[in-house]
Every structure is written in C-alpha cells, then in structure tokens.
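Laboratory data are not the source of any read-out in this text; all were calculated from the coordinates shown. All of these numbers come straight from a predicted model, not from anything done at the bench. FYI the Cβ positions are ideal-geometry reconstructions off the backbone, even for glycines, and counts take in every protein chain you see.
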Amino acid sequence: MRKLVYYVGVSLDGYIAGPDGEVDFFPLADDLVTWIRTHYPETIPTHVRSLVGMTPDEPNRRFGALVMGRGTYQPALDIGVMSPYAHMEQYVVSGTLGRIDDSSVEVVEQDPVGLVRRLKQEATSDIWLCGGGTLAGTLFDEIDELILKSYPVLAGAGVPVISGDFRPAAFTPTQREVFSNGTQITWYRRD
C-alpha cells in the first residue's frame, strides 16, 4: 500500500513559508540541489527542471502522485503554469479554486482524507504531501512518514508546518543527511 509522505522544507522555528507564501529565504546549497535531483527528482517542478540540468522526462524515483493545497499551487498559477508537476498525478485540494483548464490537475473540493485513502489503495508508489500546513493538519492522521528539510534559518512568522488541533503523534527518526550550508534532511516514521 502507498504511503503518504510529507516531504517539505521547514525553518528552525517550524515554518514552511513566510506570511505571504515566500520561500526564497531558505538557503540552497549546490550539494543539496544535486542531492534532490538524484534522490527525489520528481519534487522538482517540470518548468524548473531544465534550469537545474534535468531533462523533462527524468523518471520519478519515489512518488507517483502529489497532493497540495491551494496556497502551494498558487505560485505556479501566478506565473501561468497550470501543471507544475506534469510528470506526476496532481491533486489540488481547494474549495475556492474552481475548475482548472488542464486535465493533468484534478481539483478536489472536499474530502481530502477520502482522496488520500483511495490513492493509498490504487498503486505502488508513494504519495507526496507537497504542502501546505493547513492541508497537512487536515491529513494529520494519514501521514505515514515525514521528510523534513530543516534549513538553518529562523523565519519568525509564516505558514506553520502543520496547522490544526493539538494532538501529539510520535515519529521515530530513521535517517539524516547534512549539507554544506547546514541544512539537514531527516526522515521520520510514524510510531
């Protein structure tokens, strides 16, 4: 059965984006970009791949589908990109977005939990919970694994990694990678 994996960048104080959705304050190092290209190439948007030396048809390694909220999808729309991850199944959870004129993007207006449970049953590759914090809070009980890219920066305010009710859940760290700029990627398995 597929797993729902929340793979996301986060500041030291727990934010995945600034108050207006900005992510440009996360420091990127060349060795980190190379690592992402090698291990999780599907997490690089289709329209960005050529900028980091990738071909559009490089195969996915871990994820075959992604689920994202409106706030995560909006930056692509703002630059005229309807299908930011054309190399994957794309689901945008939003009650306000309406119809998208691209058949490779499915807008899910309600029941994201039902969507994820259905996707978990359908295929063999994992599902990437791409963001954001509100959607992660809604899917809290469905998250099987966390992969946190912890950047060595404090944001002070912004979009929290998970929004929602207080309900602690234990995760066990299983692996960690450290990069030249101090960024750490840590894998956590739900206990």
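Here is how the numbers come out for the structure above:
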read-out: Loop sites in the stretch 23-94: chymotrypsin sites (Phe, Trp or Tyr not before Pro), DSSP, at most 16 other Cβ within 10 Å; value: Phe25
read-out: Relative contact order [Cα under 8 Å, 6+ residues apart], the chain, whole percent; value: 34
read-out: Rounded Å value of the spacing that divides the Cα centres of the stretch 91-141 and the stretch 1-69; value: 17
read-out: Qualifying GluC sites (Glu not before Pro) in the stretch 60-158, DSSP loop, other Cβ atoms within 10 Å at most 14; value: Glu109
read-out: Debye, to nearest 20: dipole size of the stretch 94-176, +1 on Lys, Arg Cβ, -1 on Asp, Glu Cβ; value: 320
read-out: Chymotrypsin sites (Phe, Trp or Tyr not before Pro) restricted to DSSP loop in the stretch 140-171 with at most 10 other C-beta within 10 Å; value: Phe166
read-out: Share, in percent, of DSSP beta bridges within the stretch 4-190 that are antiparallel, nearest 5; value: 40
read-out: Relative compactness, the stretch 152-191, computed as alpha-carbon Rg over 2.2 N^0.38 Å; value: 1.48
read-out: Cβ charges +1 (Lys, Arg) and -1 (Asp, Glu), total dipole of the chain, debye; value: 460
read-out: Förster radius 25 Å - calculated FRET efficiency between Asp57 and Val33, Cβ distance, rounded to 0.05; value: 0.80
read-out: The chain: calculated mean residue ellipticity at 222 nm from DSSP helix runs of at least 4, using -39500 (n - 2.57); value: -5500 deg cm²/dmol
